[in-house]
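A short write-up of the structure that comes next.
The values are calculated or read from the model by the stated rules, or taken from the named source; none is laboratory data. None of the values given here were measured: they were computed from a predicted structure. Cβ sites come from the backbone with ideal geometry, for glycine too, and all protein chains shown count toward neighbours. The protein model used for the area step is the full one, side chains on, heavy atoms only, and it has no ligands, DNA or RNA in it. Shrake-Rupley method; radii C 1.70, N 1.55, O 1.52, S 1.80 Å.
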Amino acid sequence: MATLEVKQNMTLSKITLFEISSFRYSVPNWEEKKAKLVKMLDSVEYEWHMCSTDFYTSDGRAPYFDEWYSIMKNDLDNVLPHLGLHYHPKEFWHLWSQEYKGNEFHGPHNHGNAVLSAVLYLDLDPMEHGGTTFYAPFVEPLIGTVADVTAQVNEGDILFFPGTLLHEARATLSEKKRKIISFNIPIKLFNPC
């Protein structure tokens, strides 16, 4: 067994070479906003693609975008400036909703580059459902495995993350609906002063 001889004047420090940030925002006045969002989605017709979604019927920009934005505008105005990015105007954003129950899932995927992606957890029972599961974009260097982590979120949270990050909604065994609103905000890759 190898022994590391530690000298009295030696300093050994751990340096994190890579870090991937995501941000969780808990929406204030959630019950009031949830009621508006649920009403907004009442007439949405979903198609089944491993889960029920309106992504494909709206080309990624739901017809209720303006209503959603008016409900969430103050929250977005409060949060987005603190994330350190520069965004394209809302006319370029994408928005859709999905719901899952009874073994439905959305397998591993990403949303592409140059976007800040987000999930708003509209209906989420912590006893029945989990948050989004993310996969590290590189293998663990010593043993070659890929780490995964399931975001710890609550109903009324918005989780912001890099669009290129591989993620999935794992199958729910519950017959209770798990519903999300997801959106992508294109980022400007540079900010000309």
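Overview of results
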| read-out | value |
| --- | --- |
| Ranked packing of 179-187, 164-172, 19-27, most packed first, by mean Cβ within 10 Å | 179-187, 164-172, 19-27 |
| Alpha-carbon gyration tensor eigenvalues x 5, square-rooted, for segment 70-193, Å | 26, 21, 12 |
| Helix-only mean residue ellipticity at 222 nm for the chain, each DSSP H run of n ≥ 4 adding -39500 (n - 2.57), per residue, nearest 500 | -4500 deg cm²/dmol |
| Alpha carbon convex hull of segment 2-152, projected area averaged over orientations, nm² | 14.4 |
| Karplus 3J(HN,Hα) series, Hz, for segment 141-149 with 6.51 cos²θ - 1.76 cosθ + 1.60 (x for Gly, Pro) | x, 8, 10, x, 8, 9, 6, 10, 8 |
| With Cα atoms, 0 to 90° folded angle of helix 30-41 axis to the chain main axis | 60 |
| Mean separation of Cα contacts under 8 Å (6+ apart) over length of the chain, as relative contact order % | 29 |
| Volume of the Cα convex hull of segment 35-113, divided per residue and given in Å³ | 134 |
| Sulfur and carbon atoms: percent of accessible area, the chain [1.4 Å] | 55 |
| Computed over segment 43-132: relative contact order in percent, which uses C-alpha pairs under 8 Å that are six or more apart | 36 |
| Phi-based couplings in Hz for segment 86-96 (Karplus 6.51, -1.76, 1.60; Gly and Pro marked x) | 10, 10, 6, x, 4, 4, 9, 6, 10, 8, 7 |
| Distance in nm between pseudo-label sites at N9 and S26 (7 Å out along the Cβ direction from Cα) | 5.0 |
| Positive-end residue, the chain charge dipole about Cα centroid, Cβ charges, pick of F105, V139, Q152 | V139 |
| All Cα pairs of segment 24-78, percent lying beyond 15 Å | 56 |
| Rounded accessible area per residue of segment 1-80, 1.4 Å, Å² | 78 |
| Helix 65-79 vs. the chain, principal-axis angle (Cα, 0 to 90°, nearest 10) | 30 |
| Lys, Arg +1 and Asp, Glu -1 on Cβ, resulting dipole of the chain about Cα centre, debye, nearest 20 | 480 |
